[in-house]
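This report concerns only the one structure given below.
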Amino acid sequence: MEKIVITIARSYGSGGKTLGELLAKDLGIPCYDRELIRMASDESGINEALFGKADEKKKGRSLFKSIKPYSGGVLPPESSDFVSDDNLFNLQAKIIKDLAEKESCIIIGRCADYVLKDRKDVLRLYFYATEEDCLIRLKNISGEPEKELLKKIHTIDKHRADYYKYYTGNDWNDTRNYDFCLNTGAMSYEKLIDVVKAYIEISRR
């Protein structure tokens, strides 16, 4: 297969992570999600727990007064900001760029669509579903009460949106950021994979 890099942004409960993993298996290519944290930790020597705390979360009252779209580069270990959230993001972004340079793969989250925006071999996907469909999917894999699941949907999606806004300057759920957006609520994973593969084939002609 000709080299391809697929980035996946997904709303919580849409099944985007599972879909990415299944798609990677079908295509015979690796899928990276939290593995990126371990890889960035191994390369930088920074404790993996610090990456975990900053993972796809950006909080702060002055968030939108200090948006810092990613522009590349990492700080040296001697820098006082070496373990800052911004440099932790930059370190993960470096791993994402390195992977995209050397292999076909699927990368989930972490603003990968923006980090790789200048590459021509990248397909940027966004998976979403209605709140009702997200609740149904989450209920099937969790024993939590509906009220708690609904709260989690709102909280996690807000964190992802804030994180994306801070590091890209763009709105996370703006369809213009992506090549292909798909409502996952009405189809099985098998059918969703067929639809995505059909799009991949068309896009590469």
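Values for this structure:
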{"quantity": "Residue match in the stretch 61-79 (condition: open to solvent by 50 Å² or more (accessible area, probe 1.4 Å), under 21 Å from GLY169 (Cα atoms), free of Cβ contacts under 8 Å to residues at least 24 places away in the same chain and among the charged types (D, E, K, R))", "calculated": "yes"}
{"quantity": "Elements of type helices (runs of 4 or more DSSP H) contained in the stretch 1-92, each with 2 or more residues being more than 15 Å from the chain's Cα centre (by Cα) and at pLDDT 90 or above", "calculated": "16-27, 35-44"}
{"quantity": "Entirely in the stretch 103-205, the helices (runs of 4 or more DSSP H) that have 1 or more residues that are touching a helix residue (DSSP H, G or I) at 6+ places or on another chain (Cβ under 8 Å) and over 26 Å from GLU2 (Cβ atoms)", "calculated": "131-141, 146-168"}
{"quantity": "Total residues in the stretch 34-55, condition surrounded by 17 or more Cβ atoms within 10 Å (Cβ to Cβ) and of a type in the set (D, E, K, R)", "calculated": "1"}
{"quantity": "Sole exception among (1) surrounded by fewer than 11 Cβ atoms within 10 Å (Cβ to Cβ); (2) closer than 17 Å to PHE127 by Cα; (3) modelled with pLDDT under 95 for GLU190, by number", "calculated": "(3)"}
{"quantity": "Residues located in the stretch 94-132, provided they are of a type in the set (Lys, Arg) and either surrounded by 14 or more Cβ atoms within 10 Å (Cβ to Cβ) or under 20 Å from ASP55 (Cα atoms) (or both)", "calculated": "LYS94, LYS97, ARG110, LYS117, ARG124"}
{"quantity": "Qualifying positions in the stretch 5-28 - in contact with a helix residue (DSSP H, G or I) (Cβ under 9 Å, 6 or more places away or on another chain), over 24 Å from SER142 (Cα atoms) and buried (at least 17 other Cβ atoms within 10 Å of the Cβ)", "calculated": "VAL5, ILE6, THR7, LEU27"}
{"quantity": "Every pair of residues 6+ apart whose Cβ atoms lie under 7 Å, when the first sits in the stretch 144-171 and is under 16 Å from ASP113 (Cβ atoms) and surrounded by 14 or more Cβ atoms within 10 Å (Cβ to Cβ) while the second is modelled with pLDDT under 95 and among the acidic types (Asp, Glu)", "calculated": "ARG160/GLU56; TYR163/GLU56"}
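The values are calculated or read from the model by the stated rules, or taken from the named source; none is laboratory data. Predicted model, so just to flag it, every value in this text is computed and none were measured. Quick reminder, even Gly has a Cβ in these numbers, built from the backbone with ideal geometry, and neighbours come from all protein chains shown. Side chains are part of the model used for accessible areas, which takes the heavy atoms of the whole protein and leaves out ligands, DNA and RNA. Shrake-Rupley method; radii C 1.70, N 1.55, O 1.52, S 1.80 Å.
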